Amino acid sequence: MNVFGIVVAAGSGERFGQPKANVELAGRPLWRWAVDALESGGCDHVVVVGPVPGGIAGGVRRRDSVAAGLAAAPEGATHVLVHDAARPLASAALVRQVIDRLAIGGTDGVVPGLAVRDTLKRVQDGVVILTVDRADLVIAQTPQGFVIEALVRAHAFDDDDATDDAALVERSGGTVVIVSGGDHNLKVTYPADLVVAEALMP
């Protein structure tokens with residue numbers, strides 16, 4: 001099993017107010033924390049897609065950046081983990097959990113997820129039209145792991161509204177399973193999230 005890691009760091013950071021990859025957390029850029037988690041968790045080789053030292057050029061869409069990362073996969077890579085640079089608190093243990101589940105086989109992808117704890121409402125024009133049953137819902141995180149051929153095949157589909165790589169694999173007919181996500185594995189979206197992330201650091 002040869003595991004290749006892709007850290008996606010090419011986003012514009014529109015909601016944050018600037019590109020996030022090089023924003024520092026505890027004196028280190030977010031992308032560096034993400035790379036360290038993948039390497040410590042068992043990835044044999046990691047590439048960063050985005051404007052960071054040693055990174056490769058990304059694309060307009062997230063999926064374009066992932067495709068650029070896939071094109072840089074080393075020969076012999078059998079599996080790939082895709083991780084957001086904006087998730088600096090992913091632990092090495094979480095990465096290992098995703099890799100270990102891939103090693104068992106029987107699936108094209110593995111996604112860490114957390115159970116939804118809050119009540120969800122579907123709203124139309126400011127009016128609640130449905131309280132959504134949360135029993136079977138999870139919040140998807142990264143790193144998401146895949147059999148590399150399955151992810152390459154999924155990216156061949158023109159599916160612009162897929163919000164993560166797992167959705168592409170699902171829609172191309174692949175199977176994706178869930179493992180337990182990390183409670184501290186938050187995504188830095190707004191500046192205030194940096195304060196929360198620093199408070200959660202071990």
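A few remarks follow.
- Selected residue (criterion: nearest to Leu89 (Cα to Cα)) from residues of region 17-43 that are hydrophobic (A, V, I, L, M, F, W, C) and touching a strand residue (DSSP E or B) at 6+ places or on another chain (Cβ under 6 Å): Ala34
- Test for Val46: is it closer than 20 Å to Val23 by Cβ and touching an Asp or Glu at 6+ places or on another chain (Cβ under 8 Å): yes
- Top-ranked residue in region 117-126 [being loosely packed, with under 11 Cβ neighbours inside 10 Å and not polar (S, T, N, Q); ranked as nearest to Leu168 (Cα to Cα)]: Arg122
- Options Val46, Val60: the member that is at negative phi and touching a strand residue (DSSP E or B) at 6+ places or on another chain (Cβ under 6 Å): Val46
- Val195 falls short on exactly one of the conditions (1) under 28 Å from Arg28 (Cβ atoms); (2) among the hydrophobic types (A, V, I, L, M, F, W, C); (3) touching a strand residue (DSSP E or B) at 6+ places or on another chain (Cβ under 8 Å), and that condition is (3).
- The residues of region 78-90 that are over 13 Å from the mean Cα position of the chain (by Cα) and either closer than 16 Å to Thr142 by Cα or buried (at least 19 other Cβ atoms within 10 Å of the Cβ) (or both) amount to a single one, His79.
- The requirement of being exposed (fewer than 11 other Cβ atoms within 10 Å of the Cβ) and modelled with pLDDT under 95 is satisfied by Val60.
- Some residue of region 99-116 being without any contact (Cβ under 8 Å) to a residue 60 or more places away in the chain, surrounded by fewer than 23 Cβ atoms within 10 Å (Cβ to Cβ), among the aliphatic types (A, V, I, L, M) and outside any helix (DSSP H, G or I): yes
The values are calculated or read from the model by the stated rules, or taken from the named source; none is laboratory data. Since the structure is predicted, the reported quantities are computational estimates derived from the model, not experimental observations. Note that each Cβ is placed from the backbone with ideal geometry, even for glycine, and that neighbours are counted across all protein chains shown.
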